[in-house]
Amino acid sequence: AGGTRGGGGESSSAVDMFDPDTKLWRKAHLSEARTMLAGCAVGPLFMFAGGTLSRTARGRFSERVDLYDAVTDTWTQATLSVPRTKLAAVGVKDRWAVVAGGFSHQTYHTRVDVYDAVAMRWTRAALSHPRQYLVAAAAGSLAFFGGGFWCHTPGCGGGYDRSAAV
């Protein structure tokens, strides 16, 4: 979902959905076009979170969350606590969607937004330190966020993180 088209930096709202039972593709659209967003599945929901808006969009960073319910074939929207791009997301135990890290407005984020799909509510947490381009995975009841990039001094070449947050 999302992405850019051509060299002009135009963000896409396209969502391509594949049904392995019928072998058919369907097309849908995100509520706003964006790239460098995060996505994950939790139970019957698929979440698309954050991202970068088109170059002409004001603010350029999205706080939007689009939730698709595969059972009801409906879309709803929510909002991240901080708009950001280059973030990571993972679904845990068919209940929680965990969205972490990212970058916006010259800030690398530690913010973690946790969506409880059963209670339908959000809570917040924090990574050990700020980063973007991190990777997310889940095992059992744990969400893992590893690696990433951050720049902690002006004009620096940045740093890569070899640690993992659980």
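What follows is calculated from the coordinates using simple rules that are stated; it is not laboratory data. Keep in mind that what you see is a predicted model, and the values were worked out from it rather than measured. Backbone-built Cβ (ideal geometry, glycine too); neighbour counts: all protein chains shown.
General observations
- Scan of the range 100-130 for residues that are part of a loop (DSSP other than H, G, I, E, B) and at negative phi, ordered by number: H109, T110, A117, V118, A119, L127, S128, H129, P130
- Residues (crowded, with 18+ Cβ neighbours inside 10 Å and either in contact with a Cys (Cβ under 7 Å, 6 or more places away or on another chain) or farther than 14 Å from R64 by Cα (or both)) located in the range 111-124: R111, V112, A117
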